[in-house]
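Q: Sharing a structure, written as C-alpha cells. Questions coming.
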C-alpha cells in the first residue's frame, strides 16, 4: 500500500452560501493531493504529461460526512491499495480537519493514456519503479 | 418518474489543459439542471432556502464516458426515479452533446435539512405536492 | 459600436459564504457573454481557435456595485466601442439583475495571437468583416 | 509598508485549454495570499468574520504578463502601501514563478463592512493595532 498526506487551506472562493465548501471543490483537493503524492516519489504528473502520457479521470465517488469550513486546514490522504496492472488506477481519499474529524471519503479512477493516440496504456515505467517497493 | 432536460454551453473557464471539461465542473452542471428541473415544477430551490430548508449534497458518483469540449451545447438530464419518503433524495443525471452522444452519467444524493437546527426533515409540502402527480 | 446582451442564471457553486457571487466568478460570465456576442455575428471563438488563433486575456478591471445573488437571472452586456486596428481588443461589460439594477462594470483587454508561434496578430479577417458594418 | 509572500502550487483544475492558468483563477490566489498575510500578523480573516465584520471586494484590476503553468510553484506577494483610514483598503499583488519571472500584477480594493447592517466601517481595532507598527 502507498499512502501520503497533504495539507491545504480552504479558500473563501471554495465556500458557497451554505457556509461550507461546495461539494465539487473537493475534487481539486484530491487532484492536488495526488500530485503531491507522486511528487513524494520523486516524479511529477507534469513530467508524465511531458512524456506524452495523460491521466483522465474516468469515475469519481465521494461521500460528504461533515462540512469543511472556510480557513480549515485540511489533511487530504491519498491511498493506493493496489499496484495497477492495466491502464486503470484507483485512488482512495480521506479528508480530515484539524480536530481529526473525517469530513469526506472518495474513490477516484483514472486511466493512463497516450496523449497523441488517446489509446489506453499501462503505467509508465518510471512511475511503476517508484511504486513497486510499496507493494512487495 | 419525473425527468427534465436543461441545455447549457461549456465555458472556456471549465476546460483544463487536456482540452476537455475538467471532471469536477460537471457538478455545477448537475446543480444547475436540478434547479431548472424544480423551476419547471413552478417552485425554486431559492424559495426553499427562503423557507429555511437547505439541501446539502451527501454523496456523488459520476462516470465520464466521452469528454465534453469547449463551446459544446450540452443537454443535462435530471431523472427522479422515486419520490423520496424520508430526508434523502436521489437524482440521476445524464449529459449528452449535440450529436446525442452520452458523455457522463451521475447519481447525486442530497438531504432535506432545516437550516436553523441542521436536523434532517422530509421533503417540504409545496415541493411534494408538485412532484406527486408524476409518481401515481 | 457593437453591443450584445446575454442572459445567464447564477449557480449555487458561484456563491460564497457571504451569500453573494464570489468576485472572480464574474469573469466566466463575461467570457460566456463575449462568446455569445461573437456567435451572434455568425462566427464562434471556437472556430477562431480551430483557425489557430487564440485570444488570451491581458488585463481585466471590474467594479462591483451591488451583489449578484443565487438564482439571479443576470443580463451581461458586451460593448465593443472601437474596432481594433492592432492585436489588442477591448471589451466593456455591464451586469444587471432582473430589477435592472447595475451590479458590476468591467473592462477586459485581450490580444489576438497565433497559437503556433505565440506572436501577436491583427484580428482575423472573417471576424473583422462581420464587425466592420457596426463601425461605419 | 506591510508586505508578505505566500507560495502556492498551480492545480490542474485551474488551467484551461490554452494550457495556462485561466485568468480569473488568479483572484483566489490573491485572496489566499491576503489571508496568509493577515495570519502572519497573528489574526485571521475568519476571526474578523466571527466578530461580524466582512470584507467584500469592491474593485479588482489585474495585468497578465506571462502565463502561469500547471504545477508552477508561485510566489504571491501582498503589498499594503498605506494604512487605511476609512472603510476602504487597497492591496497590491505580484505573482512570480520559480524563475522569479513576474507573471501578473494586481490591485484589489475591499471595504470593511458590518455584516449585520451592511454599513461601511473602519478597520477593526485588533487588525489596526497589528498593522500600525509597519507604518510608523
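Here, each number is a calculation from the coordinates, and none is a lab measurement. Everything numeric here is computed off the predicted structure, so don't read it as measured data. All Cβ positions, glycine included, derive from the backbone under ideal geometry; neighbour counts span all protein chains shown.
Q: Which residue, C:100, C:82, C:36, tops the fluctuation ranking in a GNM of chain C built on C-alpha contacts under 10 Å?
A: Highest fluctuation of the listed residues: C:100.
Q: Compute the label-point distances linking residue A:125 to its equivalents in the other copies; points lie 7 Å from Cα along Cα→Cβ; give nm, one decimal, shortest first.
A: Going from nearest to farthest copy, the values are 5.0, 6.9, 7.2 nm.
Q: If you average the alpha carbon positions of segment C:1-41 and of segment B:5-71, how far apart do those two centres end up, in angstrom?
A: If you average the Cα positions of each part, the centres end up 16 Å apart.
Q: What value does segment C:42-131 have for Rg/Rh, both radii from Cα atoms and Rh as Kirkwood defines it?
A: Numbers: Rg = 15.4 Å, Rh = 14.7 Å.
Ratio value, two decimals: 1.05.
Q: First check a/c for segment C:93-136, with a ≥ b ≥ c the square roots of the eigenvalues of its C-alpha gyration tensor; if it is under 1.5, answer rounded, and if not, answer prolate when a/b is larger than b/c or oblate otherwise. Before the final figure, lay out each step's value.
A: On the way: a/c = 4.04, a/b = 1.81, b/c = 2.23.
In terms of gyration-tensor shape, oblate.
Q: Residue of B with Cβ nearest the axis relating B to C, plus distance in whole Å?
A: Spelled out as residue then distance in Å, it is B:8, 5.
Q: Taking each pair of different alpha-carbon atoms in the protein assembly as shown once, compute 1/r for the pair, average those values, and report the inverse of that mean as the Kirkwood hydrodynamic radius in Å to one decimal.
A: Values: mean 1/r = 0.0404 Å⁻¹.
Radius from the Kirkwood sum: 24.7 Å.
Q: Treat each spin label as a single point 7 Å out from the Cα along the C-beta direction, and report the residue D:99 to residue C:82 distance in nm.
A: Output for this residue pair reads 3.3 nm.
Q: Here's another thing I want to ask about it. Per residue of the protein assembly as shown, what 222 nm ellipticity follows from adding -39500 (n - 2.57) for every DSSP H run with n ≥ 4, rounded to the nearest 500? Working shown, then result.
A: On the way: 12 runs with 112 residues, N = 544.
That comes out to -6000 deg cm²/dmol.
Q: If the viscosity is 0.890 mPa s and the temperature 25 °C, what translational diffusion coefficient in µm²/s does Stokes-Einstein give for segment D:3-70 when Rh comes from Kirkwood over Cα pairs? All intermediate terms of the calculation are to be shown ahead of the outcome.
A: Numbers: Rh = 13.8 Å.
Translational D for this selection: 178 µm²/s.
Q: Follow-up. Where does helix A:26-40 land angle-wise versus the long Cα axis of chain A, in degrees 0 to 90, nearest 10?
A: On a 0 to 90 degree scale, this one is about 50.
Q: If I model a spin label as a point 7 Å beyond the Cα along the Cα-Cβ vector, how far apart are those points for residue A:51 and residue D:136 in nm?
A: Each label point is offset 7 Å from its Cα along the Cβ direction, giving 5.9 nm.
Q: Count, for each residue of A:51-61, the Cβ atoms from other chains sitting within 10 Å of its Cβ, then give me the mean as a whole number. Don't skip to the answer; put the middle values down first.
A: Values: counts 0, 0, 0, 4, 2, 6, 7, 5, 8, 10, 6.
Counting other chains' Cβ atoms within 10 Å and averaging over A:51-61 gives 4.
Q: Between A:29, A:64, A:111, find the one with the highest GNM mean-square fluctuation for chain A; connect C-alpha pairs within less than 10 Å.
A: A:64
Q: Further question on the same structure: Distances from residue D:99 to the same residue in each other copy, label points 7 Å out along Cα→Cβ, in nm, shortest first?
A: For residue D:99, the other copies' label points sit at 3.8, 4.7, 5.1 nm, shortest first.
Q: Hey, got the average number of other protein chain Cβ atoms within 10 angstrom for residues in D:118-126?
A: What the average comes to for D:118-126 is 0.
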